[in-house]
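Accompanying notes for the structure given below.
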Amino acid sequence: MQIETRDSTPYPDQKPGTSGLRKKVKIFMQPNYLENFVQSVFDVLGDVQGKVLVLGGDGRYFNREALQTIIKMSAANGVGRLLIGQGGLLSTPAASCVIRKYHAHGGFILSASHNPGGPDEDFGIKYNVTNGGPAPESFTNAVYARSREISQYLITDSPAIDLDTIGEFSVGPTTVQIIDPVEDYAQLMEHLFDFKLISQALKAGSITLCFDGMHAITGPYAKRILEEKLGSPHGSVINGIPLEDFGGGHPDPNLVYAHELAELMMSPGAPMLGAASDGDGDRNMIMGARFFVTPSDSVAVMAANAHLLPGYRAGLRGVARSMPTSQALDRVAKAMGINCYETPTGWKFFGNLLDAKKITLCGEESFGTGSDHVREKDGLWAVLFWLNLIAVKKQTVAEIVRDHWKKFGRDYYSRHDYEGVDSTAAEGIVARLNGQLAELPGKVFGNYTVEFADDFRYVDPVDGSVSENQGIRIVFTNGSRIVFRLSGTGTQGATVRIYFERYERDPQKHGQDTQTVLKDLIDLAESLGEVRLRSGMDKPTVIT
Ligand code: G1P
Ligand code: ZN
């Protein structure tokens, strides 16, 4: 085996976004594009001699080719051992679990999460650090800076590795170990939840479920855990085989993209629990029979009930939510006398809080929930959490959520996405909003008086690092909010997200239609941000 030093020239566009570097497959397939990024990571990592790295991806188009390149580059850079999921597969939370369990130095996860896959769709790569979580901004900024000046990368001339056979191989100085992608993760779940209780309920048919793998990574995980280990009947997992193009679908678990599941759950024969996960397995959607649980409500319900489950009996240290997520979680934290932290969008900000043991549970409105068991959000974990909760409380999903609203009040909540907006138009929207921030406080719009308006700035309470421009908040004196932000994960044009929230304490008013309740705020957002006008779209592309 020979180590080759190959010359390369920088690409200008390798700045990682909310969650790693995501681009169209065709961009990733340009000569040396992937190699430049991977070498930039190695250059920032420094000495990796003898260290362990974890590799795996969500199985999308280009996953296997990219892995073979990273294996050769890891060997050329002197990595000691690579742990790779069989078939090149590892869900994002499973990768986090494996990094932590085997004290790896870090790992590469190949995924563009919920973005579609295939030759004309998206690919992505992110680096996770020793705690199992996404690399912090200081690291990704350094990788970006390195990618702007890179002139060489290291690679071996070794043959491709058989990714499908469990076992060990040598590539120069590196031992390549192909591992079962599910087992370590399944063991962790067994430790957190009452598998015996859940299994009894599933086998007796007192809990019925349908899990939609969306032809993405969680199929094998869900089949092994829900069907084989817990005994949910065969067929409880649908779309369970990972496909390179996710069967042509959008592997994003919401009511629009997980429509097969959504239709089943709205039908008369719906099972008690319906759930779906995304491309790389870190998101979750939870539904009861004819009932949709908003992710913001889900994390609040989980926090209020965590003490009922084995892994969380000791109680919660604190909780956190991303800024645009509704304040339902804050109300639970207040009642429990624990802290609720408000972080910028993206999972990386929770990592410091988890490591510093300031929080146990955290979540985002974008169907992401997690806890201190790994350093990523975790789709299947959330499903098991709800399963365990239903088994303990012996209530339906709808009953659990309605009881929660009775106790804490209901946060009516919705997000409107305008996808594929012209970038200049999007910048215009942001500039227009920024221009109004100073004069908004005190202004009255119908029933709403602005308490404050700002561009969210986060100071990390653990390391003091500052993140600016994390979204425009307009907060009203009655606790209602409108939030505007630009997506950091899109690969084409800009996506404008508007988040609406209105609190209702009165249980008599908890049964209303969300969009109707939020109508005043939706109209106000248009007059403030002119999103429809400036984007030329007459309505959002996705409403969740
Ligand atoms: C989106 C979500 C965000 C999530 C991220 C990665 O990012 O909004 O909550 O952490 O995907 O799954 P955005 O496109 O809004 O930057
Ligand atoms: Zn994801």
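Okay, residues lined up against (1) closer than 18 Å to Pro295 by Cα; (2) not in a strand (DSSP E or B):
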| position | (1), (2) |
| --- | --- |
| Gln395 | no, yes |
| Ala398 | yes, yes |
| Val401 | yes, yes |
| Trp405 | yes, yes |
| Tyr418 | no, no |
| Ile429 | no, yes |
| Gly442 | no, yes |
In region 372-409, the residues that are under 24 Å from the mean Cα position of the chain (by Cα) and under 26 Å from Val483 (Cβ atoms):
Arg375, Glu376, Lys377, Asp378, Gly379, Ala382, Val401
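If you check Ile71 against the conditions, is it crowded, with 24+ Cβ neighbours inside 10 Å and either more than 16 Å from ligand 1 (Cβ to nearest atom) or closer than 19 Å to Asp372 by Cα (or both)?
Here the answer is yes, as Ile71 does meet what is asked.
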With respect to Phe367, is the statement that it is among the aromatic types (Phe, Trp, Tyr), more than 14 Å from ligand 2 (Cβ to nearest atom) and within 20 Å of Val383 (Cβ to Cβ) true?
no
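Kindly establish whether Gly118 is of a type in the set (Gly, Ala, Ser) and either under 30 Å from Gln187 (Cβ atoms) or within 16 Å of ligand 1 (Cβ to nearest atom) (or both).
Answer is no for this residue.
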Selection from region 373-393 of residues away from ligand 2 (no atom under 16 Å from the Cβ) and part of a helix (DSSP H, G or I) yields Leu384, Phe385, Trp386, Leu387, Asn388, Leu389, Ile390, Ala391, Val392, Lys393
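Within region 56-65, is there a residue that is of a type in the set (Phe, Trp, Tyr) and farther than 28 Å from Ala186 by Cβ?
No, region 56-65 contains no residue that is of a type in the set (Phe, Trp, Tyr) and farther than 28 Å from Ala186 by Cβ.
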Within the set of pairs 6 or more residues apart or between chains, which connect a residue that is closer than 23 Å to Phe452 by Cα inside region 483-496 to a residue that is assigned to a strand (DSSP E or B) and small (Gly, Ala, Ser) with Cβ atoms less than 6 Å apart?
Leu486/Ala494
Among the residues of region 286-313, how many are within 16 Å of ligand 1 (Cβ to nearest atom) and closer than 14 Å to Leu387 by Cβ?
1
Please determine whether any residue of region 207-221 is free of Cβ contacts under 8 Å to residues at least 24 places away in the same chain and surrounded by fewer than 24 Cβ atoms within 10 Å (Cβ to Cβ).
no
Inspect region 19-29 for any residue being crowded, with 18+ Cβ neighbours inside 10 Å and away from ligand 1 (no atom under 16 Å from the Cβ) and give the result as yes or no.
yes
So the helices (runs of 4 or more DSSP H) completely within region 1-83 holding 1 or more residues that are of a type in the set (S, T, N, Q) and in contact with a Gly (Cβ under 6 Å, 6 or more places away or on another chain) are 63-76
Of (1) touching a residue at least 60 places away in the same chain (Cβ under 8 Å); (2) out of contact with any Leu (no Cβ under 6 Å at 6 or more places or on another chain), Asn339 fails just (1)
Boolean, Thr541 is surrounded by fewer than 20 Cβ atoms within 10 Å (Cβ to Cβ), under 21 Å from Tyr257 (Cβ atoms), in contact with a Lys or Arg (Cβ under 7 Å, 6 or more places away or on another chain) and not acidic (Asp, Glu)
no
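Coordinate-derived values only; no laboratory data. What you are looking at is a predicted structure, and each value in this text was computed from that prediction instead of being measured. Every residue, glycine as well, gets a Cβ built from its backbone with ideal geometry; the counts of neighbours run over all protein chains shown.
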